[in-house]
């Protein structure tokens, strides 16, 4: 039986969701102590790759493409296109912080 392959060029989240590229997990503490794989600390930061149209049109949600965010991973849905993929669809209510260089004006 032939293997079916699908190639997608773009993923657009629907509803109040964002597509996030999760940061790599930390392998070392700030003090320089190497962490074994079994003691991996879950990383819950990432960069927004795409936002839904609903978020784009909502002035009350201060999220935009390429923002670095802190998110609660419980409801994050992995997007499995490749084995090493770190893409997740995250509901806006699970985004708990946005990293900024300076406060909004």
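The values are calculated or read from the model by the stated rules, or taken from the named source; none is laboratory data. None of the values given here were measured: they were computed from a predicted structure. Positions of Cβ are generated from backbone atoms using ideal geometry, with glycine treated the same way; all protein chains shown enter the neighbour counts.
Summary table
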read-out	value
Search result, residues across the stretch 45-67 that are under 12 Å from residue 13 (Cβ atoms) and loosely packed, with under 14 Cβ neighbours inside 10 Å	53, 56, 65
Among residues of the stretch 1-59, those that are at pLDDT below 65 and either in contact with a helix residue (DSSP H, G or I) (Cβ under 8 Å, 6 or more places away or on another chain) or in a strand (DSSP E or B) (or both), counted	2
Considering residues of the stretch 67-105 that are assigned to a loop (DSSP other than H, G, I, E, B) and closer than 11 Å to residue 18 by Cβ only, the residue modelled with the lowest pLDDT	76
Near pairs, Cβ below 9 angstrom, 6+ apart or cross-chain, from the stretch 3-31 (at positive phi and surrounded by 10 or more Cβ atoms within 10 Å (Cβ to Cβ)) to any residue that is assigned to a loop (DSSP other than H, G, I, E, B) and at pLDDT 70 or above	15/52
